[in-house]
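Everything on this sheet refers to the single structure shown next.
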Amino acid sequence: MSHPDTPTIEPHESHPSQGHIPLDAVWVYGGFFILCLFELLAILVLNDFKFIYTMDDPYIHLAVAEEMMRGHYGVNGSEFCAPCSSPIWPFLIAPLARTPVGDLFPLVLNLVFGFLTCLVVLRGLRRAFPDDGSQSARAAMASVILLGCNVVGLVFTGMEHNLQVLAAVLLVDGMLRFSATGKVGKWLVLAAVAGPLVRYENLALTAAACGLLFLKDRKALAFGVGCAAVAGLAAFSGFLALLGLPLMPSSIIAKSHLTTGGSRLGGIADAIGQTFTGNRGVLLLLMVTALGWLSVRRGSEKTKHAALCLAGAGVLHVCFGAYGWYNRYECYVFASLLYAIFVLAGGFASGLVRRWTGGEILVTAVLGLVISYPYVAGMFTVPLAANNIYEQQFQMHRFVTGWWKKPVAVNDLGWVTYRNDAYVLDLWGLASHDALNFRMAKKDPSWMTRVAEKHDAELAIVYESWVPGRQIGWIKVGQLHLSRERVTPASPVVAFFATSPSAVDEIDRQLVDFRKTLPPGVVLEARSDREKKTPRAGG
């Protein structure tokens, strides 16, 4: 007979009795789609019924996917580059990238992946808390997990993060089932091998899964899964090497603590410092502590290894991971650890949950608000963030494709390069390894003049806080202002520079004409306005 405290993760899933409304399913699945619908409608209303993502980054993936359908890898047809952090995401969205609805395909995928995450989470909670009387409690706990990993907000970023969260939750679910039954499920193996191809950070969870298999005396399988995961990333690095590119995507080189923090140890120290000084990092440490306690508490023999290995995955994120960037980077580890904590708690708290009243559910709701506050607050900014991209990056795209139609230099790659056949010079370096090397070496900014001349880019559309155009001899011809509060762009104002005096009049003339087509409230100042003193808004 098992000890009464022994956690048991039942292999079967409970279902509400016939004739009963499945409150947990209505709350979780219905809540997800209703929140997504509200966000979508608000975005369309603010953006003249054009759907735009909350960041400019997804349009980098779309631009790469568009080129892939032409048999090329990069954003400019004349050169290769690897600006996407995810090895696999551009391949997933490529089939429709050149169609009229190509930019909507990532939205559809993210809705599907978000729903599947809800499905996995609720089914796991039903196994851990199988009593019909636990429906309200399961709904509350699922809400904490799903809001705590920003599953709604990630839908509208247009990138791979909801797939990353799904892979993470599937892997943890497989680990917990394996701990309870001794059977290795196919989803555990698939998520462990393919997860890092979605985003490199999932290697932390793959390591946790391999550690569990090893500790449970499945050493050959642990070795095989680990080798397969590494082989997948090695194959992608080999693909990049064949194109003459670095072994890692430029976006990772540009952002990783290991490449931007000086020495490797300095980068790790920087990551750990961010953990201890930010609320997301402190919360992650609390989750790691909770899993550590679950691994040593009395009666945890079956699941202690899973809890310990997942705590280790959290520690790996502390040492190598990042936080933020519009509530994205930590979501996979939050989803994993929160899901594991709640399911493992079912082994000793299922009886308590059966007797939950409104008070206990309220306490859980408050806990959920503490955990998910940045993401809940961020959900209110989703429409405004999308409107920022509509008023800034999308208008830049319209100008360079509808008026300029020649090479252009930018420091914010995305919409400007998507559905644009002209050359786009990326001064930030995601699409130009030379520019990235110059920038990271903190060279004199005059290098920007040389690379602009090399690529015949007589127009530069940049943030002055990033690119000191006037300092390097460029001539400012105009600037575009957002009409509303800034959320995701780096600056509310983007400047238009002529990189050579001969282009000033042409750019000014085109800006004045382009201004007539801008959305209401968006202000575009042109150089000629300073003579007339009449800056004007669009509309």
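No lab work stands behind these numbers, since they all come straight from the coordinates. It should be emphasised that the depicted structure is a prediction, and the values quoted were computed from it without experimental measurement. Virtual Cβ from ideal backbone geometry, glycine too; neighbours counted across all protein chains shown.
Note on segment 61-117: Cα Rg divided by 2.2 N^0.38 Å, N the number of residues, gives 1.16.
Taking the DSSP beta bridges with both ends in the chain, the antiparallel portion is around 75 percent. Remark: spin-label model distance Asp513-Phe33 equals 4.8 nm, labels positioned 7 Å along the Cα→Cβ axis. Enumerate the lysines that Lys454 could reach by cross-link, defined here as Cα to Cα under 18 Å, with residues fewer than 8 away along the same chain left out. Within the straight-line cut-off, Lys454 pairs with Lys405, Lys406, Lys443. In terms of its alpha-carbon gyration tensor, segment 473-525 comes out oblate; a/c meets the 1.5 threshold, while b/c is at least as large as a/b. Packing, as the average of other Cβ atoms within 10 Å across residues, places the peptides 453-463, 413-423 in the order 413-423, 453-463, highest first.
Relative protection proxy for 151-157, 391-397, from highest mean packing down: 151-157, 391-397 (other beta-carbon atoms within 10 angstrom). Using just the C-alpha positions of the chain as equal point scatterers, what log10 of I(q)/I(0) does the Debye formula give at each q in 0.05, 0.10, 0.13 1/Å? Once normalised to I(0) and log-transformed, intensities are -0.23, -0.84, -1.27.
Taking max minus min of the alpha-carbon positions on each principal axis, segment 276-326 gives extents of 39, 17, 16 Å, largest first.
Each principal axis of segment 363-457 carries a Cα extent, and these read 62, 35, 17 Å when sorted largest first. Shape class of segment 392-537 from the alpha-carbon gyration tensor: prolate, with a/c at 1.5 or above and a/b greater than b/c. The order of the peptides 115-125, 470-480 by mean Cβ neighbours within 10 Å, most packed first, is 115-125, 470-480.
If the chain linking Glu79 and Val108 were pulled fully straight, counting 0.36 nm for each residue of separation and taking away their Cα-Cα distance, it would gain 7.4 nm.
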